[in-house]
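I have placed the structure first, in the form of structure tokens, so that the comments after it can refer back to it.
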Amino acid sequence: MSAGHTAVTTPAAAGPVISCDTPQDECGVRDVLDRLGDKWSVYVVVELAAGVRRFKELQRAIPGAISQRMLTLTVRRLERDGLVKRTVYATVPPQVEYELTETGHSLTHLVKALADWSIAHRPVVTAAREAWDAEHPDPV
């Protein structure tokens, strides 16, 4: 939300979705949206919703060829936020597994709803983009 906006509104009957006391505190929304708005975090949550994964399994399952460094940073951030649990087994080499916490699992229905919305509205969004592009050609 930008400064001066303290609520995201819905139809009047539903009331505001977000209401903060001051624009500066943003109710902690920016923190959470920054994490969940990151494409790699969403992919990790989606993949871990199916169950426990070892690091390399997780890396191979995520589309877009995520680097080892980016996956490490992503799972660490999700672990810090309490969404992912990391378990290290004392083997040689060490075996590391990742799984969603209860809080992480509570997020999966929201991610699924967003994915479902994306699929359902893809034709409308594509048509809107094409119409906009036709009206606003690139000045190349």
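The values are calculated or read from the model by the stated rules, or taken from the named source; none is laboratory data. Here the structure is a predicted model, which is why all the values come from computation and not from measurement. Cβ sites come from the backbone with ideal geometry, for glycine too, and all protein chains shown count toward neighbours. When the accessible area is computed, the model is the full protein with side chains, heavy atoms only, and any ligands, DNA or RNA have been set aside. Shrake-Rupley method; radii C 1.70, N 1.55, O 1.52, S 1.80 Å.
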*Which one is nearest to Gly37 (Cα to Cα), of the residues in the range 99-122 that are among the charged types (D, E, K, R) and part of a helix (DSSP H, G or I)?*
Lys112
_Residue within the range 60-79 that is open to solvent by 80 Å² or more (accessible area, probe 1.4 Å) and outside any helix (DSSP H, G or I) present_ = yes
*Cβ-Cβ below 9 Å, separation at least six or inter-chain, first residue in the range 64-84 and closer than 15 Å to Glu99 by Cβ, second open to solvent by less than 70 Å² (accessible area, probe 1.4 Å) and of a type in the set (Asp, Glu): which pairs?*
Thr74/Asp38; Val84/Glu99
*Scan Val92, Val96, Val88, Val125 and give me the residue that is hydrophobic (A, V, I, L, M, F, W, C), in a strand (DSSP E or B) and out of contact with any helix residue (DSSP H, G or I) (no Cβ under 7 Å at 6 or more places or on another chain).*
Val88
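Given the options Ala120, Ala90, Ala61, Ala49, name the one that is in contact with a His (Cβ under 8 Å, 6 or more places away or on another chain) and at pLDDT 90 or above. Reasoning before the result, please.
Details: Ala120 fails: in contact with a His (Cβ under 8 Å, 6 or more places away or on another chain); Ala90 fails: in contact with a His (Cβ under 8 Å, 6 or more places away or on another chain); Ala61 fails: in contact with a His (Cβ under 8 Å, 6 or more places away or on another chain).
Residue meeting the stated conditions: Ala49.
Mind telling me which of the residues Glu102, Glu97, Glu135 ends up being out of contact with any Asp or Glu (no Cβ under 8 Å at 6 or more places or on another chain), modelled with pLDDT of 95 or more and open to solvent by 80 Å² or more (accessible area, probe 1.4 Å)?
Only one candidate qualifies: Glu102.
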*Count, please, the residues in the range 93-140 that happen to be free of Cβ contacts under 8 Å to residues at least 24 places away in the same chain, over 17 Å from Val46 (Cβ atoms) and not charged (D, E, K, R).*
17
